[in-house]
Every structure is written in structure tokens, then in C-alpha cells.
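The values are calculated or read from the model by the stated rules, or taken from the named source; none is laboratory data. The structure displayed is predicted, hence computed values, not measured ones. Note: ideal-geometry Cβ built from the backbone for every residue, glycine included; neighbour counts use all protein chains shown.
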Amino acid sequence: MGPVLNGLMKLQSVENRLRAEKAKLNRCRRNVIIQENLIRNLQSALEAKKEEAQLTKVQFDRLELELKSREETIAKLRTSLNSAKTNKEYAALLTQLNTTKADNSKIESQSLDLLKDIETDETECKDILKQIEEQKQTLEQTRKDSEALVIKYQANIDEIQAEWNQIAQDVPRNPLEIFKRVAETYDGLAVTFVEQQQGRDGVYSCGGCFMGLPAESVNMLMTKDEIIRCPNCTRILVIDETQISC
Ligand SMILES: [Zn+2]
């Protein structure tokens, strides 16, 4: 292989390291974002729970008011009962009194249920608050850890990028542009080895997509320092001369 393909192979090896380091940097930043999102979600859950508790409280207060006014009705009915003039009037008042009492005990039990709901909501609010506090501490620690790591990874990236630029200087413009384009398509993997099927001379495949390659492409690679791309995936093909025999 001549200087062009050799240059591209070297570039590929540096590109791999560059992408790996960038991936570490992104993971590091993503960890912080994930933790921040967790806190945001917990805060939304807390707001929702508080609102729910507030609504239940309003409902509870309304029932308490209703009960109070019904107690007054009962007191009035009792007075009327004592001054009833006829049996019929007495019976009617008694029925009304009993119905009101029965309704009241229903409302009382509803109101007790609401009280329980409020207590549950309040406990859950406290629980979420505790989780938020814990999560904030975890976030702080993650931030501290990642700040140091980001500096380290960025320094590595700068160093590898400089190495990349140095090698790229020796690669002619056109092959370099092809390399960059294919690298973008395949997450950095622009250059791939030609593979030879075991025990079968002259039968080759692309190391990137594993599709068969015409023998003349491989012969061309053996003799010329030119870019030959896989007809299927368009990756740049190179030959590992220790593995391939024609
Ligand atoms: Zn291919």
C-alpha cells in the first residue's frame, strides 16, 4: 500500500481514539443531565402532589361546612319535634330528622376518608422532598466528579485532534474529503479491511458490510495507491497484506 492508503489507515486509527474519547466526554456530561432531569421530575411530582392535597383540603372544608349547617338543621328539627301538634306532623318531622342524621353520617365518613387522603398526600410530599434532597447531593457529587473528568477528556481530545490534523496534512485533499464523509455516515468507521474467505483464494468480502467484493477491486488495491470503495456500503477498502493472498 502506498502513502495515500497508509495515511488513511493511520487516520482511521486516530479517528477511532478520537471518537472513543469524545464518547466518554458525552457520557460524562449526559450523567449530569440525567441527574438534573431526575430532580426536575421529582419537583414536578411534588408540585402535583401538593396541588392534589390542596384540592382535597378544599373538598374537606366544604364538607365540614355542610356538616355544620346540617347540625343546625337537626337542632331545629329536634325543637320542632318537641312542639309537634299532631302525630302526623311528629312522624313527618321524625322521618326528616332520621334522614338528615343518616345523610350526616355518610358525609362524616366521606370527610374522614378525605382526611386520610390529606395525611397520605402529606406523607408522600415529605417522602418526595427527602428524595429531592438525596438526589441533590448525588448530583453535586456527580458534578464534581464530572468536572474533573471533562477537563481530562477534553485535554485528551485536543491532543488526539492535533495528532489527527498532523496525519491529515499528508493525505491529499480528495481522499481526505471522502474519508470525512464516510466517517460521518458510519460513526467514524470509514476505512475497513478486505477480508478473504477462509481457504478460498480470490473470494473476498468487505470487512464493514460483509458483502462480496469483485476480485478486480482487490487486485487494484494490491497494485495502486488509490481509493477503492465497497460498492455496497461505500467504505474505503484497504488490504492487510499479511492476511490476503492473491
Ligand atoms: Zn462494504
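Answer yes or no: is there a residue in the stretch 1-12 that is among the β-branched types (Val, Ile, Thr) and either assigned by TED's automatic domain parsing to the domain that holds Met222 or in contact with a Pro (Cβ under 8 Å, 6 or more places away or on another chain) (or both).
yes
Right, Lys136: surrounded by fewer than 18 Cβ atoms within 10 Å (Cβ to Cβ), more than 29 Å from Leu18 (Cβ to Cβ), touching a residue at least 60 places away in the same chain (Cβ under 8 Å) and basic (Lys, Arg) or not?
Numbers: surrounded by fewer than 18 Cβ atoms within 10 Å (Cβ to Cβ): yes; more than 29 Å from Leu18 (Cβ to Cβ): yes; touching a residue at least 60 places away in the same chain (Cβ under 8 Å): yes; basic (Lys, Arg): yes.
Here the answer is yes, as Lys136 does meet what is asked.
Quick check, is Asn16 more than 30 Å from Met222 (Cα to Cα), out of contact with any Cys (no Cβ under 9 Å at 6 or more places or on another chain), assigned to a helix (DSSP H, G or I) and among the polar types (S, T, N, Q)?
The answer is no for Asn16.
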*Does at least one position in the stretch 142-150 carry a residue that is among the acidic types (Asp, Glu), assigned to a helix (DSSP H, G or I) and without any contact (Cβ under 8 Å) to a residue 24 or more places away in the chain?*
yes
_Pairs with Cβ under 7 Å, 6+ apart, first in the stretch 190-207 and closer than 12 Å to Val218 by Cβ, second hydrophobic (A, V, I, L, M, F, W, C) and modelled with pLDDT under 80_ = Val194/Ile244; Gln196/Ile244
*Looking at (1) within 15 Å of the ligand (Cβ to nearest atom); (2) more than 27 Å from Gln166 (Cβ to Cβ), find the lone condition where Ala183 falls short.*
(2)
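Pick from the stretch 34-49 the residues that are under 17 Å from Asp127 (Cβ atoms) and among the charged types (D, E, K, R): which of them is surrounded by the fewest Cβ atoms within 10 Å (Cβ to Cβ)? Let's see the steps before the verdict.
Quick first cut of the stretch 34-49, residues under 17 Å from Asp127 (Cβ atoms) only: 38-39, 41-49.
After this cut, where a residue has to be among the charged types (D, E, K, R) as well, the list is 47, 49.
Values: Glu47: 12, Lys49: 20.
Ranking the candidates gives Glu47 first.
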